[in-house]
Amino acid sequence: MARADWQINLAQVNFLVADENEGGRRVMQSILQGFGAIYIHHAASLQAAQDRLLFGGIDVLICDYFLGNGQGPEFIRDLRRAVSHPSRYIPVLITCGHLTARDVGRCRDSGANLVMIKPVSVKALYERLAVIAHRPRPFVDHEVYAGPCRRFKADGAPNHIERRMREVAAASASASVQAYPKEFRQVPVSRL
Amino acid sequence: MPDNKTNTARIVPTRFSQMAKQKPAMSRNDAILAGQSAVTELEPEYLEWTDGLLRELWAAVDASAGHEAFPNPNGEKAYDLANQIRNLGATFEYDAVTHVADSFCELMHRLTEARRNDPHAMQTHLKALRLVSTPDFKRDGSGDLTPLMDALRQLVDHYPEPTGSAA
(Lines give C-alpha, C1' and ligand atoms only; values in the text may rest on other atoms or scores of the structure.)
Protein backbone atom coordinates (compact mmCIF):
# COMPACT_ATOMS: atom_id res chain seq x y z
CA MET A 1 0.00 0.00 0.00
CA ALA A 2 1.41 3.37 -0.98
CA ARG A 3 2.03 5.91 1.75
CA ALA A 4 -0.67 8.19 0.37
CA ASP A 5 -3.20 5.40 0.87
CA TRP A 6 -2.43 4.71 4.51
CA GLN A 7 -5.51 4.93 6.66
CA ILE A 8 -5.90 4.83 10.40
CA ASN A 9 -8.60 3.80 12.80
CA LEU A 10 -8.44 5.89 15.96
CA ALA A 11 -11.71 4.74 17.56
CA GLN A 12 -9.97 2.66 20.23
CA VAL A 13 -6.87 4.80 20.67
CA ASN A 14 -6.28 6.75 23.89
CA PHE A 15 -4.62 10.11 23.25
CA LEU A 16 -3.02 12.43 25.76
CA VAL A 17 -2.77 16.03 24.55
CA ALA A 18 -0.30 17.90 26.77
CA ASP A 19 -0.37 21.63 26.07
CA GLU A 20 -0.55 24.56 28.46
CA ASN A 21 -2.47 26.63 25.92
CA GLU A 22 -6.21 25.98 26.04
CA GLY A 23 -6.63 26.86 22.39
CA GLY A 24 -3.92 24.38 21.43
CA ARG A 25 -5.62 21.59 23.36
CA ARG A 26 -9.04 22.37 21.94
CA VAL A 27 -7.82 22.49 18.37
CA MET A 28 -6.01 19.19 18.72
CA GLN A 29 -9.03 17.59 20.36
CA SER A 30 -11.36 18.79 17.61
CA ILE A 31 -9.14 17.51 14.84
CA LEU A 32 -8.69 14.12 16.50
CA GLN A 33 -12.43 13.83 17.05
CA GLY A 34 -12.89 14.62 13.38
CA PHE A 35 -10.57 11.70 12.59
CA GLY A 36 -12.82 9.44 14.65
CA ALA A 37 -10.94 9.44 17.95
CA ILE A 38 -13.09 9.13 21.06
CA TYR A 39 -10.70 8.81 23.97
CA ILE A 40 -8.83 12.11 24.24
CA HIS A 41 -7.29 13.09 27.56
CA HIS A 42 -5.79 16.48 28.39
CA ALA A 43 -2.92 17.77 30.48
CA ALA A 44 -2.60 21.51 31.03
CA SER A 45 0.72 21.27 32.85
CA LEU A 46 3.90 19.22 32.87
CA GLN A 47 2.99 17.72 36.23
CA ALA A 48 -0.46 16.70 35.01
CA ALA A 49 1.06 15.04 31.95
CA GLN A 50 3.61 13.15 34.04
CA ASP A 51 0.91 11.96 36.43
CA ARG A 52 -1.44 10.87 33.66
CA LEU A 53 1.24 8.91 31.82
CA LEU A 54 2.34 7.18 34.99
CA PHE A 55 -1.23 6.03 35.50
CA GLY A 56 -0.97 4.09 32.21
CA GLY A 57 -3.48 3.39 29.45
CA ILE A 58 -2.30 6.15 27.09
CA ASP A 59 -1.52 5.00 23.55
CA VAL A 60 -0.23 8.24 21.98
CA LEU A 61 1.23 11.38 23.54
CA ILE A 62 0.96 14.70 21.71
CA CYS A 63 3.21 17.05 23.65
CA ASP A 64 3.88 20.74 23.19
CA TYR A 65 7.52 21.84 23.23
CA PHE A 66 6.80 24.69 25.64
CA LEU A 67 5.16 22.46 28.23
CA GLY A 68 6.68 23.29 31.61
CA ASN A 69 8.40 26.43 30.33
CA GLY A 70 10.14 24.67 27.45
CA GLN A 71 10.67 21.34 29.21
CA GLY A 72 8.77 19.27 26.63
CA PRO A 73 11.91 17.64 25.15
CA GLU A 74 13.30 16.80 28.60
CA PHE A 75 9.95 15.33 29.58
CA ILE A 76 10.05 13.00 26.58
CA ARG A 77 13.71 12.14 27.11
CA ASP A 78 13.04 11.19 30.72
CA LEU A 79 10.06 9.09 29.64
CA ARG A 80 12.18 7.16 27.13
CA ARG A 81 14.88 6.49 29.71
CA ALA A 82 12.53 5.34 32.47
CA VAL A 83 12.99 1.60 32.05
CA SER A 84 9.94 0.50 34.01
CA HIS A 85 7.59 3.31 32.99
CA PRO A 86 4.26 1.96 31.67
CA SER A 87 4.24 4.48 28.83
CA ARG A 88 7.89 4.27 27.85
CA TYR A 89 7.35 2.98 24.32
CA ILE A 90 4.21 4.87 23.30
CA PRO A 91 4.41 6.99 20.16
CA VAL A 92 5.14 10.63 20.92
CA LEU A 93 4.48 13.60 18.66
CA ILE A 94 6.11 16.81 19.79
CA THR A 95 4.55 20.04 18.51
CA CYS A 96 6.41 23.32 18.52
CA GLY A 97 6.05 26.94 17.49
CA HIS A 98 8.81 29.48 16.95
CA LEU A 99 12.09 27.63 17.41
CA THR A 100 15.80 28.23 17.27
CA ALA A 101 18.21 25.79 15.65
CA ARG A 102 19.20 24.62 19.12
CA ASP A 103 15.56 23.89 19.89
CA VAL A 104 15.24 21.77 16.76
CA GLY A 105 18.17 19.65 17.92
CA ARG A 106 16.57 19.22 21.33
CA CYS A 107 13.37 18.00 19.68
CA ARG A 108 15.20 15.54 17.45
CA ASP A 109 17.21 14.10 20.30
CA SER A 110 14.35 13.95 22.81
CA GLY A 111 13.09 10.54 21.69
CA ALA A 112 9.89 11.77 20.03
CA ASN A 113 8.68 9.78 17.04
CA LEU A 114 7.96 12.90 15.00
CA VAL A 115 8.12 16.66 15.31
CA MET A 116 5.30 18.86 14.04
CA ILE A 117 5.72 22.58 13.55
CA LYS A 118 2.69 24.63 14.55
CA PRO A 119 0.30 25.79 13.26
CA VAL A 120 -0.82 22.21 12.79
CA SER A 121 -2.57 21.39 9.55
CA VAL A 122 -5.29 18.75 9.61
CA LYS A 123 -3.83 16.80 6.72
CA ALA A 124 -0.31 16.87 8.13
CA LEU A 125 -1.49 15.54 11.49
CA TYR A 126 -3.35 12.67 9.83
CA GLU A 127 -0.29 11.80 7.77
CA ARG A 128 2.03 11.87 10.79
CA LEU A 129 -0.22 9.53 12.73
CA ALA A 130 -0.50 7.23 9.71
CA VAL A 131 3.28 7.12 9.34
CA ILE A 132 3.72 6.19 13.01
CA ALA A 133 1.12 3.44 12.70
CA HIS A 134 2.22 1.95 9.40
CA ARG A 135 5.97 2.55 9.45
CA PRO A 136 7.18 1.91 13.00
CA ARG A 137 10.87 2.53 13.54
CA PRO A 138 13.17 0.45 15.75
CA PHE A 139 13.39 1.62 19.34
CA VAL A 140 17.00 2.47 20.10
CA ASP A 141 18.00 1.83 23.68
CA HIS A 142 21.38 3.24 24.55
CA GLU A 143 23.12 5.43 27.09
CA VAL A 144 23.43 8.21 24.53
CA TYR A 145 19.90 8.05 23.15
CA ALA A 146 16.66 6.23 23.86
CA GLY A 147 13.73 6.43 21.46
CA PRO A 148 12.72 5.67 17.90
CA CYS A 149 15.62 5.40 15.48
CA ARG A 150 16.30 8.87 14.14
CA ARG A 151 17.04 7.58 10.64
CA PHE A 152 13.89 7.54 8.59
CA LYS A 153 15.32 5.59 5.67
CA ALA A 154 16.57 2.05 6.13
CA ASP A 155 19.53 2.63 3.80
CA GLY A 156 22.25 2.12 6.34
CA ALA A 157 24.60 4.85 7.47
CA PRO A 158 24.88 8.00 5.31
CA ASN A 159 27.70 7.58 2.74
CA HIS A 160 28.28 4.14 4.29
CA ILE A 161 30.05 5.74 7.21
CA GLU A 162 28.79 4.53 10.54
CA ARG A 163 28.84 7.78 12.43
CA ARG A 164 27.10 6.32 15.42
CA MET A 165 30.20 4.33 16.31
CA ARG A 166 32.12 7.57 16.59
CA GLU A 167 29.39 9.12 18.66
CA VAL A 168 29.41 6.28 21.09
CA ALA A 169 33.18 6.16 21.19
CA ALA A 170 33.25 9.87 21.97
CA ALA A 171 30.64 9.49 24.69
CA SER A 172 32.43 6.60 26.28
CA ALA A 173 36.15 7.00 25.71
CA SER A 174 36.96 3.78 27.46
CA ALA A 175 34.76 1.66 25.21
CA SER A 176 36.36 0.38 22.04
CA VAL A 177 34.54 0.57 18.74
CA GLN A 178 34.65 -3.22 18.47
CA ALA A 179 32.72 -3.51 21.70
CA TYR A 180 29.87 -1.51 20.23
CA PRO A 181 26.90 -3.85 19.96
CA LYS A 182 26.19 -5.06 16.48
CA GLU A 183 22.46 -4.98 17.20
CA PHE A 184 22.58 -1.22 17.58
CA ARG A 185 23.46 -0.63 13.97
CA GLN A 186 20.63 0.21 11.66
CA VAL A 187 18.95 -2.89 10.30
CA PRO A 188 16.42 -2.58 7.48
CA VAL A 189 12.96 -2.69 8.96
CA SER A 190 11.97 -5.56 6.68
CA ARG A 191 14.60 -7.80 8.27
CA LEU A 192 13.54 -7.20 11.83
CA MET B 1 10.46 -5.34 25.73
CA PRO B 2 14.07 -4.27 25.24
CA ASP B 3 16.35 -4.38 28.23
CA ASN B 4 18.01 -1.02 28.89
CA LYS B 5 21.34 -2.74 29.48
CA THR B 6 21.59 -4.44 26.09
CA ASN B 7 21.86 -1.41 23.76
CA THR B 8 19.50 -2.80 21.18
CA ALA B 9 17.42 -1.36 18.38
CA ARG B 10 14.32 -3.24 17.44
CA ILE B 11 10.66 -2.77 16.67
CA VAL B 12 8.57 -2.61 19.81
CA PRO B 13 4.92 -3.34 19.00
CA THR B 14 2.59 -0.69 20.40
CA ARG B 15 -1.10 -0.80 21.08
CA PHE B 16 -1.49 2.29 18.90
CA SER B 17 -0.06 0.54 15.88
CA GLN B 18 -2.29 -2.47 16.38
CA MET B 19 -5.45 -0.42 16.87
CA ALA B 20 -4.76 2.16 14.17
CA LYS B 21 -4.21 -0.45 11.48
CA GLN B 22 -7.66 -1.94 11.92
CA LYS B 23 -10.06 -1.19 9.09
CA PRO B 24 -11.22 2.40 9.67
CA ALA B 25 -14.86 3.45 9.72
CA MET B 26 -14.13 6.31 7.31
CA SER B 27 -11.76 6.82 4.45
CA ARG B 28 -8.63 8.93 4.67
CA ASN B 29 -10.21 11.77 2.69
CA ASP B 30 -13.38 11.72 4.77
CA ALA B 31 -11.36 11.79 7.98
CA ILE B 32 -9.34 14.81 6.81
CA LEU B 33 -12.50 16.62 5.69
CA ALA B 34 -14.13 15.88 9.06
CA GLY B 35 -11.05 17.21 10.85
CA GLN B 36 -11.13 20.41 8.80
CA SER B 37 -14.83 20.80 9.44
CA ALA B 38 -14.24 20.46 13.19
CA VAL B 39 -11.64 23.21 13.02
CA THR B 40 -14.00 25.49 11.11
CA GLU B 41 -16.63 25.08 13.82
CA LEU B 42 -14.10 26.31 16.36
CA GLU B 43 -13.45 29.60 14.55
CA PRO B 44 -15.68 31.78 16.81
CA GLU B 45 -13.76 30.50 19.83
CA TYR B 46 -10.47 31.03 18.04
CA LEU B 47 -11.35 34.70 17.50
CA GLU B 48 -12.10 35.06 21.22
CA TRP B 49 -8.82 33.38 22.20
CA THR B 50 -6.85 35.58 19.84
CA ASP B 51 -8.57 38.73 21.07
CA GLY B 52 -7.76 37.84 24.68
CA LEU B 53 -4.16 36.97 23.85
CA LEU B 54 -3.74 40.23 21.94
CA ARG B 55 -4.97 42.24 24.92
CA GLU B 56 -2.49 40.47 27.18
CA LEU B 57 0.23 41.00 24.61
CA TRP B 58 -0.43 44.75 24.44
CA ALA B 59 -0.21 44.95 28.22
CA ALA B 60 3.04 42.97 28.30
CA VAL B 61 4.61 45.13 25.58
CA ASP B 62 3.55 48.33 27.32
CA ALA B 63 5.04 47.08 30.57
CA SER B 64 8.20 45.94 28.79
CA ALA B 65 8.63 49.38 27.21
CA GLY B 66 9.55 50.74 30.63
CA HIS B 67 12.60 48.50 30.85
CA GLU B 68 15.87 49.59 29.39
CA ALA B 69 17.07 46.23 28.16
CA PHE B 70 16.17 42.63 27.51
CA PRO B 71 15.66 40.05 28.77
CA ASN B 72 12.97 41.15 31.19
CA PRO B 73 9.93 39.24 32.52
CA ASN B 74 7.42 41.22 30.49
CA GLY B 75 9.42 40.67 27.33
CA GLU B 76 9.47 36.93 27.98
CA LYS B 77 5.75 36.96 28.59
CA ALA B 78 5.22 38.87 25.34
CA TYR B 79 7.23 36.23 23.46
CA ASP B 80 5.13 33.41 24.95
CA LEU B 81 1.86 35.16 24.11
CA ALA B 82 2.95 35.93 20.55
CA ASN B 83 4.00 32.32 20.14
CA GLN B 84 0.53 31.17 21.19
CA ILE B 85 -1.04 33.52 18.66
CA ARG B 86 1.39 32.31 16.00
CA ASN B 87 0.63 28.66 16.69
CA LEU B 88 -3.09 28.85 15.98
CA GLY B 89 -3.47 31.30 13.09
CA ALA B 90 -2.86 29.22 9.99
CA THR B 91 -4.82 26.26 11.36
CA PHE B 92 -7.87 28.52 11.02
CA GLU B 93 -6.62 29.87 7.68
CA TYR B 94 -5.50 33.13 9.27
CA ASP B 95 -2.10 32.71 7.64
CA ALA B 96 -1.27 36.40 8.00
CA VAL B 97 -1.67 36.15 11.77
CA THR B 98 0.89 33.38 11.89
CA HIS B 99 3.32 35.30 9.65
CA VAL B 100 3.11 38.53 11.66
CA ALA B 101 3.26 36.76 15.04
CA ASP B 102 6.25 34.74 13.83
CA SER B 103 7.98 37.99 12.89
CA PHE B 104 7.23 39.34 16.36
CA CYS B 105 8.70 36.20 17.97
CA GLU B 106 11.83 36.55 15.85
CA LEU B 107 12.09 40.22 16.84
CA MET B 108 11.84 39.31 20.53
CA HIS B 109 14.41 36.54 20.08
CA ARG B 110 16.88 38.93 18.49
CA LEU B 111 16.25 41.69 21.03
CA THR B 112 16.86 39.23 23.83
CA GLU B 113 20.11 38.02 22.27
CA ALA B 114 21.20 41.60 21.60
CA ARG B 115 20.06 42.71 25.09
CA ARG B 116 18.21 45.63 23.52
CA ASN B 117 14.71 47.05 23.79
CA ASP B 118 12.71 48.48 20.91
CA PRO B 119 9.14 49.44 21.90
CA HIS B 120 8.48 51.03 18.49
CA ALA B 121 9.24 47.81 16.60
CA MET B 122 7.13 45.78 19.02
CA GLN B 123 4.17 48.15 18.86
CA THR B 124 4.30 48.23 15.07
CA HIS B 125 4.05 44.45 15.05
CA LEU B 126 1.08 44.60 17.41
CA LYS B 127 -0.73 47.07 15.18
CA ALA B 128 -0.15 44.74 12.25
CA LEU B 129 -1.40 41.79 14.31
CA ARG B 130 -4.57 43.64 15.22
CA LEU B 131 -5.16 44.42 11.55
CA VAL B 132 -4.71 40.88 10.22
CA SER B 133 -6.53 39.04 12.99
CA THR B 134 -10.01 40.19 11.99
CA PRO B 135 -12.43 38.09 9.93
CA ASP B 136 -12.78 41.03 7.54
CA PHE B 137 -9.08 40.93 6.75
CA LYS B 138 -9.18 37.16 6.28
CA ARG B 139 -12.09 37.52 3.88
CA ASP B 140 -11.13 40.65 1.96
CA GLY B 141 -7.64 41.81 2.63
CA SER B 142 -5.33 38.84 2.81
CA GLY B 143 -4.24 39.14 -0.81
CA ASP B 144 -0.69 40.40 -1.04
CA LEU B 145 1.07 40.46 2.30
CA THR B 146 4.45 41.23 0.80
CA PRO B 147 4.55 44.99 1.57
CA LEU B 148 3.47 44.42 5.17
CA MET B 149 5.90 41.58 5.76
CA ASP B 150 8.75 43.50 4.07
CA ALA B 151 8.17 46.42 6.42
CA LEU B 152 8.18 44.16 9.46
CA ARG B 153 11.25 42.33 8.17
CA GLN B 154 13.14 45.62 8.05
CA LEU B 155 12.36 46.21 11.72
CA VAL B 156 13.56 42.71 12.61
CA ASP B 157 16.66 42.88 10.44
CA HIS B 158 17.77 45.96 12.29
CA TYR B 159 19.14 43.50 14.83
CA PRO B 160 21.65 40.80 13.91
CA GLU B 161 20.58 37.22 13.50
CA PRO B 162 21.91 35.47 16.60
CA THR B 163 23.89 32.26 16.56
CA GLY B 164 21.47 29.33 16.60
CA SER B 165 18.76 31.46 15.13
CA ALA B 166 15.24 30.54 14.10
CA ALA B 167 14.80 27.34 12.13
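The values are calculated or read from the model by the stated rules, or taken from the named source; none is laboratory data. Here the structure is a predicted model, which is why all the values come from computation and not from measurement. Here the Cβ is made from the backbone with ideal geometry for all residues, glycine too, and neighbour counts use every protein chain on show. Note: areas computed on protein heavy atoms with side chains; ligands, DNA, RNA excluded. Shrake-Rupley method; radii C 1.70, N 1.55, O 1.52, S 1.80 Å.
Residues checked against (1) assigned to a helix (DSSP H, G or I); (2) open to solvent by 10 Å² or more (accessible area, probe 1.4 Å); (3) within 21 Å of B:E48 (Cβ to Cβ):
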position	(1), (2), (3)
B:N87	yes, yes, yes
B:T91	yes, yes, yes
B:R116	no, yes, no
B:Q123	yes, yes, no
B:L148	yes, yes, no
B:L155	yes, yes, no
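Looking only at segment B:126-146, filter to residues that are touching a residue at least 40 places away in the same chain (Cβ under 8 Å) and outside any loop (DSSP other than H, G, I, E, B); which one of those is nearest to B:K77 (Cα to Cα)?
Per the stated criteria, the residue is B:L126.
For segment B:93-100, check the following and say yes or no: at least one residue is at the interface with chain A (Cβ under 10 Å from one of its Cβ atoms), open to solvent by 20 Å² or more (accessible area, probe 1.4 Å) and either free of Cβ contacts under 8 Å to residues at least 40 places away in the same chain or not in a helix (DSSP H, G or I) (or both).
yes
Show me the helices (runs of 4 or more DSSP H) entirely contained within segment A:57-156 in which 3 or more residues are buried (at least 22 other Cβ atoms within 10 Å of the Cβ).
Of the helices (runs of 4 or more DSSP H) lying wholly inside segment A:57-156, those with at least 3 residues that are buried (at least 22 other Cβ atoms within 10 Å of the Cβ) span A:72-81, A:122-134.
B:Y159 is checked against (1) open to solvent by 60 Å² or more (accessible area, probe 1.4 Å); (2) more than 19 Å from B:E93 (Cα to Cα); (3) modelled with pLDDT under 95 and fails just one. What number does that condition carry?
(1)
Counting only residues that are more than 10 Å from every other protein chain (Cβ to nearest Cβ) and modelled with pLDDT under 90, how many does segment A:107-126 have?
1
I need the full set of residues from segment B:11-28 which are under 33 Å from the mean Cα position of the chain (by Cα) and surrounded by fewer than 18 Cβ atoms within 10 Å (Cβ to Cβ), in order please.
B:R15, B:K21, B:P24, B:M26, B:S27
Tell me, which residue of segment A:1-19 that is surrounded by 19 or more Cβ atoms within 10 Å (Cβ to Cβ) and part of a loop (DSSP other than H, G, I, E, B) is farthest from the other protein chains (Cβ to nearest Cβ)?
A:D19
The rows are residues; the columns are (1) touching a residue at least 40 places away in the same chain (Cβ under 8 Å); (2) in contact with a His (Cβ under 9 Å, 6 or more places away or on another chain); (3) facing another protein chain (nearest Cβ under 10 Å).
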site	(1), (2), (3)
A:Q47	no, no, no
A:L53	no, yes, no
A:Y65	yes, no, yes
A:V83	no, no, yes
A:A101	no, no, yes
A:V104	no, no, yes
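Which pairs have Cβ atoms under 6 Å, sit 6 or more apart or on different chains, and link a residue in segment B:59-82 that is touching a residue at least 40 places away in the same chain (Cβ under 8 Å) to one that is open to solvent by 40 Å² or more (accessible area, probe 1.4 Å) and part of a loop (DSSP other than H, G, I, E, B)?
Note: pairs meeting the criteria are B:A69/B:R115; B:F70/B:R115.
Give the number of residues within segment A:20-45 that are at the interface with chain B (Cβ under 7 Å from one of its Cβ atoms), within 12 Å of A:L10 (Cα to Cα) and open to solvent by less than 60 Å² (accessible area, probe 1.4 Å).
4
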